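Chemist: I have a structure I would like to understand better, so I am pasting it below and will then ask my questions one at a time.
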Amino acid sequence: MTVPRADAERRAESGFSGPLLQVDDLHVEFRTRDGVAHAVNGVSYSVDAGETLAVLGESGSGKSVSAQAIMGIIDSPPGFVTRGAIRFRGSDLLTLSDEQRRRIRGRRIAMIFQDALSALNPVYTVGFQLAEMFRVHEGLSRGAAKRRAIELMDRVRIPAARQRVHDYPHQFSGGMRQRIMIAMAIALGPDVLIADEPTTALDVTVQAQIMELLAELQRESEMGLILITHDLGVVADVADRIAVMYAGRIVEEASVHDLYARPAHPYSKGLLESIPRVDLKGSELAAIKGQPPNLLRVPSGCAFHPRCPYRREVCVTKEPPLFDVAPGRGSACHFWEEVLDGR
Amino acid sequence: MGRYTVRRLLQLIPVVLGTTFIIHFLVWQLPGDPFAGRCGDRPCAPAFVAMMTEKYQLDEPWIFQYLTFLKNLLVGDFGESFNGVPVAQILADTWPVTIRLALVGIAFEIIIGIGAGVLTGMRRGGFLDNLSLVTTLFFLAIPVFVIGFTLQYLLGVQFPIIRPTVTPEARWDELIVPGFVLASLQMAIVVRLARSTIVENLRSDYVRTATAKGLPRMRVVGVHLLRNSLIPVVTFLGTDLGNLMGGAVVTEGIFNINGVGGQLFRAIHLHDSTIIVPMVTVLVLVYLSVNLLVDLLYAVLDPRIRYD
Amino acid sequence: MTEGRSLTGGPTGPPTAAGEAPTPLGDAAGGEIRTLWSDAWYDLRHKPLFWISSLLVVVLITMAAMPTLFTDINPEHAVLANSLEPPGGSAWFGYDLQGRDVYARTIYGARTSILVGVLAMLVTTTVGLTVGIMAGYLGGWPDGVMSRIGDMFLGLPYVLGGIVILSSVAGVRSNPSEAAIMAAVILVLAVLAWPVTARVARSSVLSVRAADYVVAARALGAGPRRLILRHILPNTVAPVIVIATLNVGAFIGAEATLSFLGIGLRSPVISWGVAIADHQDYVRNALHPMLFPALFLCVTVLAFVMLGEAIREALDPKLR
Ligand SMILES: Nc1ncnc2c1ncn2[C@@H]1O[C@H](COP(=O)(O)OP(=O)(O)O)[C@@H](O)[C@H]1O
Ligand SMILES: [Mg+2]
């Protein structure tokens with residue numbers, strides 16, 4: 001793949017005016033020995049160039065699986081995308097050939113993983129793993145690719161990049177390793193960057209630095225950023241919009257400000273209340289009661305009903321659609337008005 | 001890397017001392033006449049007993065005896081068979097054949113063992129995978145000498161496409177079937193080991209990263225998956241060389257190959273332990289040295305070890 | 001025949017990333033043990049391989065314990081006129097070189113093989129478990145000393161070690177009795193194999209020793225006896241059972257190999273390995289005196305290896 005041709009593709013597609021990346025009614029299931037786990041059950045979200053979408057939900061809610069579906073890296077078997085569409089600049093990725101998808105992976109849509117230590121190959125130098133992007137996708141020579149790798153390491157502010165390019169992943173600190181993952185993901189200037197819990201494995205101070213770096217890279221390059229997290233605190237400053245996931249569905253979508261100010265779904269409300277707050281010191285945290293759902297047997301109706309303080313008959317029998325709460329704002333709760341009003 | 005090498009070398013020293021001491025102790029220090037039944041079917045000649053007593057200082061306290069034993073080993077003096085041929089001479093004459101046989105065997109382990117292991121690991125649960133699970137189970141269970149006899153009988157006697165025994169020159173083509181027999185057990189283990197590491201690493205995060213980078217499948221497998229998965233296999237091949245040498249005694253005995261193992265096989269039948277003990281000791285030392293080399297190779301392949 | 005040893009690494013062992021010998025079940029904590037066992041049993045019950053191999057093992061053990069159930073022919077009874085007569089009539093498996101009944105000798109051979117395999121396994125497991133638990137529990141220099149001693153024995157590969165010991169030990173060389181040969185073979189197998197069991201036991205002790213509930217029990221004043229018996233031993237049992245079962249198969253194969261080489265069992269002991277060795281020069285005239293013992297040998301080793309593998313898979317959650 002040569003650079004001019006990539007530019008040509010980009011120009012050809014730039015005529016499209018819809019969202020940069022749009023996930024529509026995505027379903028993913030894992031067919032395991034114990035049964036079929038419905039990990040993603042009709043997720044829809046979209047992200048535009050320069051926009052940051054935070055995907056929030058407790059662990060097991062299907063955040064990573066939906067991201068892997070976008071990348072096309074789901075373990076298959078056991079995992080299968082059974083329904084839905086993933087439109088990148090208007091064309092459905094799920095209908096592309098393997099080779100076409102491979103060309104998009106890493107180059108146009110890139111991903112950062114949670115645990116950089118295990119996500120980097122332990123037996124190759126970080127320089128090799130960075131340079132690989134340029135050698136494979138752009139056909140650069142070893143020397144040229146290595147120079148680009150060093151530039152990248154400078155760009156994500158790894159000190160002494162020229163020397164450290166020859167080091168192995170285990171020789172870096174956790175924060176530095178995550179910077180290398182980020183460098184690898186932005187190597188070819190992707191249009192969309194998916195960051196799957198990029199700071200979960202890191203110390204608090206390092207977390208802030210990494211989030212800052214991501215935000216800065218995004219501003220410079222106008223890429224769409226999907227930021228996956230289970231920690232509301234992490235995304236408050238950087239996200240434009242938040243999509244809250246529960247049991248493989250989006251239960252609420254809102255701007256950061258709206259969600260913080262007035263959540264429209266009991267689950268989001270519960271999440272907000274479980275953040276420790278200085279002003280409520282001493283009083284008990286109102287955490288969400290009950291167990292996360294078993295994906296082999298997702299509860300009927302609204303999957304959240306067994307844990308929901310607003311539960312009524314209809315919640316058990318009827319699955320709520322994503323109601324329009326306000327323009328660009330939705331909640332999948334039969335009683336969203338009550339929740340919104342804080343009743 | 002330097003520190004690691006030195007540490008490995010230092011760790012090898014007590015093992016070499018201990019292992020040679022165990023051999024020495026079992027041969028010379030156990031109660032009973034050390035010369036009983038040692039010289040074939042007849043009692044040992046008094047001259048031979050006198051020579052051995054002198055050479056191994058058998059009248060001295062055991063620590064002197066052991067040091068003499070070590071000194072003789074170090075200077076390459078492995079003693080003589082009871083009819084007067086120096087063991088060093090026998091070893092020099094027979095090594096090339098055994099090395100050739102071992103190379104054929106290792107080639108089988110690498111080509112068939114790793115090949116089948118990788119193939120079945122990549123397509124878990126398929127027909128080939130199940131076939132190989134059953135086949136390797138048989139190779140794991142059937143003793144090498146039974147496999148040897150079976151192939152010798154089938155290919156040498158029943159449907160004669162090879163000579164049942166190997167000529168003294170031991171040409172490469174004659175060593176194919178014995179090499180297969182020698183490697184049969186290890187091949188099965190390598191298939192299973194390679195398969196399980198491939199299966200494990202296929203699910204690993206770094207392979208997922210390599211895919212997410214948009215690398216072609218061939219490169220994900222060839223560069224990222226194989227390199228990591230083969231590290232334990234290479235280690236196994238090295239550490240199992242001791243069993244391969246034991247197998248060489250059996251294989252060379254069956255196919256009448258004139259290598260170190262064949263010599264040992266004959267010496268056992270002639271009850272000539274004067275040559276059994278030094279030959280086995282040398283084999284054990286070779287085995288321990290190869291193990292050291294494999295450890296160093298391991299460090300070359302896996303940087304996490306090297307920088308400890 | 002040597003997989004019991006080789007699968008777990010050689011003398012200096014593959015240095016794993018953690019610096020510990022790999023164990024099948026190193027990190028099973030005590031709280032999980034009950035579910036581990038019931039899960040394993042659930043898994044085993046649904047495995048045909050487990051039932052086939054168990055059935056074979058039961059038949060073989062019966063054969064070893066009560067050979068007269070299977071034959072009333074005296075395996076020592078020799079009629080030279082029948083030498084190498086092929087199977088047929090009253091002799092299902094034919095006659096051997098000395099004109100003895102091959103069927104009877106094959107049945108009685110099971111007794112020797114099972115006896116050697118099981119006794120060697122018991123010695124190996126007892127010694128290996130004791131040393132391994134001591135080393136893991138005590139730590140520090142006793143651990144270092146015991147581990148290094150284990151390494152020294154692992155420096156002797158099975159067949160080579162067997163050759164050097166059995167061809168040298170005085171009591172075995174000069175016209176020994178039946179019991180003395182058997183004891184020598186059993187001890188040689190155990191002497192060469194115990195360090196593997198010890199390693200596995202040691203690393204599972206190390207993984208339990210740091211577990212919270214053991215630390216808690218120690219803090220509550222549990223003595224070493226109680227700690228070892230109640231907390232540590234149950235955790236080392238699972239991986240040791242796997243090794244022990246595989247070892248029986250490996251030992252039976254190794255005994256046959258040593259007997260075949262002429263340094264293990266020998267007449268008058270009735271053994272499959274000896275039968276094969278005695279008739280190897282006559283294959284062109286008569287295959288059957290070798291064929292049947294070899295067949296029984298393979299099936300026996302296979303049965304124990306299959307059983308061991310089935311248990312290993314059932315007990316190792318990673319393999320599910
Ligand atoms: N490889 C897999 N095999 C089987 N099930 C899986 C696999 N990956 C994910 N799942 C299922 O999908 C669910 C959602 O996982 P995931 O998307 O990783 O959650 P999270 O929101 O924490 O990222 C898991 O609870 C699990 O049941
Ligand atoms: Mg996740």
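The values are calculated or read from the model by the stated rules, or taken from the named source; none is laboratory data. The structure displayed is predicted, hence computed values, not measured ones. We place every Cβ from the backbone using ideal geometry, glycine too, and count neighbours over all the protein chains shown.
Chemist: Mind checking whether some residue in segment A:135-148 is charged (D, E, K, R) and at the interface with chain B (Cβ under 8 Å from one of its Cβ atoms)?
Modeler: Within segment A:135-148 (the criterion being charged (D, E, K, R) and at the interface with chain B (Cβ under 8 Å from one of its Cβ atoms)), the answer is no, since none of the residues qualifies.
Chemist: Continuing with this model, one more query. Just give me the residues in segment A:191-212 being more than 16 Å from ligand 1 (Cβ to nearest atom) and not in a helix (DSSP H, G or I), in sequence order.
Modeler: Listed by number, the residues that qualify are A:D191, A:V192, A:L193, A:L202, A:D203.
Chemist: Say we look at segment C:67-103 and pick out the residues that are at pLDDT 80 or above and under 20 Å from C:C298 (Cβ atoms); which of these is nearest to the chain's Cα centre (by Cα)?
Modeler: Restricting to residues being at pLDDT 80 or above and under 20 Å from C:C298 (Cβ atoms), the top hit is C:P67.
Chemist: Give just the number: which of (1) surrounded by fewer than 23 Cβ atoms within 10 Å (Cβ to Cβ); (2) within 30 Å of A:A187 (Cα to Cα) does B:R171 not satisfy?
Modeler: (2)
Chemist: Tell me whether segment C:269-289 contains one or more residues that are in a helix (DSSP H, G or I), touching a His at 6+ places or on another chain (Cβ under 8 Å) and at pLDDT below 85.
Modeler: yes
Chemist: Of the residues A:V244, A:V251, A:V256, only one is at pLDDT 85 or above, over 10 Å from A:K63 (Cα atoms) and within 14 Å of ligand 1 (Cβ to nearest atom); which?
Modeler: Just a single option satisfies the conditions, and that option is A:V251.
Chemist: Give me the pairs: first residue in segment B:1-23 and within 7 Å of chain C (Cβ to nearest Cβ), second residue among the hydroxyl-bearing types (S, T, Y) and assigned to a helix (DSSP H, G or I), beta-carbon distance under 7 Å, and six or more apart or on different chains, which are they?
Modeler: Partner pairs satisfying both residue conditions: B:I23/B:T281.
Chemist: Considering only segment A:94-133, state which residues are more than 16 Å from ligand 1 (Cβ to nearest atom), within 7 Å of another protein chain (Cβ to nearest Cβ), farther than 24 Å from B:P303 by Cα and not small (G, A, S).
Modeler: Within segment A:94-133, A:R102, A:R103, A:R105, A:R107 qualify.
Chemist: Which members of segment A:75-93 meet the condition of being modelled with pLDDT under 90 and within 13 Å of ligand 1 (Cβ to nearest atom)?
Modeler: A:D75, A:S76, A:P77, A:P78, A:G79
Chemist: Next up: In this structure, does B:I268 turn out to be facing chain C (nearest Cβ under 8 Å) and under 25 Å from B:V75 (Cα atoms)?
Modeler: no
Chemist: Criterion first (more than 16 Å from ligand 2 (Cβ to nearest atom) and more than 11 Å from A:A39 (Cα to Cα)) does A:I70 satisfy it?
Modeler: Criteria not met by A:I70.
Chemist: A follow-up question, please. With respect to the numbered conditions (1) under 30 Å from A:V123 (Cβ atoms); (2) within 10 Å of another protein chain (Cβ to nearest Cβ); (3) under 13 Å from the mean Cα position of the chain (by Cα), which one is the sole condition not fulfilled by B:L225?
Modeler: Just one mismatch for B:L225, condition (3).
Chemist: Restrict the check to segment A:152-161 and report whether at least one residue is facing chain B (nearest Cβ under 9 Å), in contact with a helix residue (DSSP H, G or I) (Cβ under 6 Å, 6 or more places away or on another chain), on the phi < 0 side of the Ramachandran plot and surrounded by fewer than 20 Cβ atoms within 10 Å (Cβ to Cβ).
Modeler: Looking for residues that are facing chain B (nearest Cβ under 9 Å), in contact with a helix residue (DSSP H, G or I) (Cβ under 6 Å, 6 or more places away or on another chain), on the phi < 0 side of the Ramachandran plot and surrounded by fewer than 20 Cβ atoms within 10 Å (Cβ to Cβ), one finds none in segment A:152-161, hence no.
Chemist: Take A:G57 and decide whether it is over 22 Å from A:E252 (Cα atoms), away from chain B (no Cβ under 14 Å) and either surrounded by fewer than 20 Cβ atoms within 10 Å (Cβ to Cβ) or near ligand 1 (Cβ under 9 Å from one of its atoms) (or both).
Modeler: no
Chemist: Is one or more of the residues making up segment A:79-93 within 14 Å of chain B (Cβ to nearest Cβ), within 16 Å of ligand 2 (Cβ to nearest atom) and not charged (D, E, K, R)?
Modeler: yes
Chemist: Now for a different question. Among the residues of segment A:25-54, how many are within 10 Å of ligand 1 (Cβ to nearest atom), within 20 Å of A:A195 (Cβ to Cβ) and among the small types (G, A, S)?
Modeler: Qualifying residue count for the region: 1.
Residue-wise test of (1) surrounded by 14 or more Cβ atoms within 10 Å (Cβ to Cβ); (2) within 14 Å of chain C (Cβ to nearest Cβ); (3) over 20 Å from B:I254 (Cβ atoms); (4) over 18 Å from the mean Cα position of the chain (by Cα).
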{"residue": "B:D93", "(1), (2), (3), (4)": "yes, no, yes, yes"}
{"residue": "B:R100", "(1), (2), (3), (4)": "yes, no, no, no"}
{"residue": "B:F108", "(1), (2), (3), (4)": "yes, no, no, no"}
{"residue": "B:G113", "(1), (2), (3), (4)": "yes, yes, yes, no"}
{"residue": "B:L119", "(1), (2), (3), (4)": "yes, no, yes, yes"}
{"residue": "B:L137", "(1), (2), (3), (4)": "yes, yes, yes, yes"}
{"residue": "B:F145", "(1), (2), (3), (4)": "yes, yes, no, no"}
{"residue": "B:G148", "(1), (2), (3), (4)": "yes, yes, no, no"}
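Chemist: Out of curiosity, is A:S64 away from chain B (no Cβ under 14 Å), within 16 Å of ligand 2 (Cβ to nearest atom), under 15 Å from the mean Cα position of the chain (by Cα) and closer than 26 Å to A:D237 by Cβ?
Modeler: Considered against the rule, which asks whether it is away from chain B (no Cβ under 14 Å), within 16 Å of ligand 2 (Cβ to nearest atom), under 15 Å from the mean Cα position of the chain (by Cα) and closer than 26 Å to A:D237 by Cβ, A:S64 comes out as no.
Chemist: Do we have B:K71 as basic (K, R), touching a residue at least 24 places away in the same chain (Cβ under 8 Å) and out of contact with any Phe, Trp or Tyr (no Cβ under 7 Å at 6 or more places or on another chain) here?
Modeler: No.
Chemist: Let me ask something else about it. Answer yes or no: is there a residue in segment A:213-231 that is away from every other protein chain (no Cβ under 14 Å), within 16 Å of ligand 1 (Cβ to nearest atom) and surrounded by fewer than 22 Cβ atoms within 10 Å (Cβ to Cβ).
Modeler: Yes.
Chemist: Can you tell me which of B:G246, B:G238, B:G253, B:G242 is within 9 Å of chain C (Cβ to nearest Cβ), small (G, A, S) and under 26 Å from B:R304 (Cα atoms)?
Modeler: B:G238
Chemist: Go through (1) at positive phi; (2) within 16 Å of ligand 2 (Cβ to nearest atom); (3) away from every other protein chain (no Cβ under 14 Å); (4) not polar (S, T, N, Q) one by one and return the number of the condition A:E197 breaks.
Modeler: Just one mismatch for A:E197, condition (3).
Chemist: Further question: Can you pull out every residue in segment B:286-305 that is touching a residue at least 24 places away in the same chain (Cβ under 8 Å) and at the interface with another protein chain (Cβ under 9 Å from one of its Cβ atoms)?
Modeler: B:Y287, B:L288, B:N291, B:L292, B:V294, B:D295, B:Y298, B:A299, B:L301, B:D302, B:I305
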